[in-house]
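First up is the structure itself, then whatever we jot down about it.
Read-outs: derived from the displayed coordinates by stated rules, not from any lab. Note that the structure is a prediction, hence the values are computed from the model and not measured. Here Cβ is always computed from backbone atoms with ideal geometry, including for glycine, and neighbour counts include all displayed protein chains.
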Amino acid sequence: MLNSVLTFLNIKKEIPDAFGYDVFGPVSYPIPEEFKQLLEANEVFSEGLDLCFVRIDNYSSKLQKDVRILYSGDFEYRPSLTFHRRDVSVRYSIAEEEKEIVIEEIPPNESISIEIFNPTQDFQVDQILSGDHEITSLMQKLAEARRYPDLARMKLASVCLMSFTTLVLIATGYLAWGKIAESNRIEAAYSGFLSCTPSFVDNPPDYEKMLKRRFEQLDLIWQNNILSSNHVRTFDELKLKDEILWCEPNNS
C-alpha cells in the first residue's frame, strides 16, 4: 500500500504545471466621432484602435515568478495588464530594447489579461517563459483543458469515439479474415466434393452422443471421408478434437 502511494506521488510530481497562454487578434475598433474630434483638437489623429489580446493562465499550485513575454515587432501605447480575480495592479516592466514584458509574479490559480494597443503588422508573441523555463506543449494543453473545459471534453469524446471505431474496424476485419480463412480451409479440404455441404462444427464434451449419432447415420464412404478430412483414423480419435470439419451429404 505504501509503495502504491509513493508511486502515485512520484507520478504526480512528474506532471508539469498547467501553465500556458493564448493570443488573440489584433482586432480593430472604431473610435466615436466625438472622441476623434477631441483627439484632433490635441493634434492626435486616429481612425480607430487595434488591439491584440494575450491571456496567461497559471492553473498550477505554484507561484510563477519573472514571467517573461518575448515579442517581435512593436506597439504604439503602453499595454494594459489586469488580473482576472485579484483587484490589484499587476507589477510588471517593459524592456523595449530586449522586446520583453516582464511580470513579477502570477499567483496560483490566477490569470492575467494583456491588451496590446496598436501593434505593428509584424507584431507577434514569440515565446513566454516562467523564470528560465519555457512553456512546453504539454503545459499548454493542460492549461487549455482548464481554460476551455467544454472543448476539452469534446476532444476527449472524439478521441474515445475514434478509438472505439478503430477497435470495431479491427475486430470486424479480424472476424472477416477468420471467415475467409475458414472458407479457404473448407474449400481446400473438400475441393472436388460437390455432393456435400462442408462446415466447421464445435465439439464440446457434451456433444459426443450427438456426434456419434450423426456419424453413424452416414454410410461408410462418408465416414471415411470425414475421418480423412480431419486427419484421424477412428471415431475415438475424431471425438477428441475440439473442432471438426464436417461435410453433410446433400441428399441426406
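For the reader, a short list of remarks on this structure follows.
- Remark: the stretch 211-217, residue by residue, has Karplus-estimated 3J(HN,Hα) of 5, 5, 5, 5, 5, 6, 6 Hz, where x stands for each Gly or Pro and the curve is 6.51 cos²θ - 1.76 cosθ + 1.60 at θ = phi - 60°.
- Using every pair of separate Cα atoms, the Kirkwood estimate puts the hydrodynamic radius of the stretch 53-116 at 12.2 angstrom.
- Net charge over other residues, Cβ less than 13 angstrom from the Cβ of residue 209 (K, R count +1; D, E count -1): +1
- Loop-located GluC sites (Glu not before Pro) across the stretch 46-106 with a Cβ neighbour count of 16 or fewer within 10 Å are 47, 76, 96, 97, 98, with loop assigned by DSSP.
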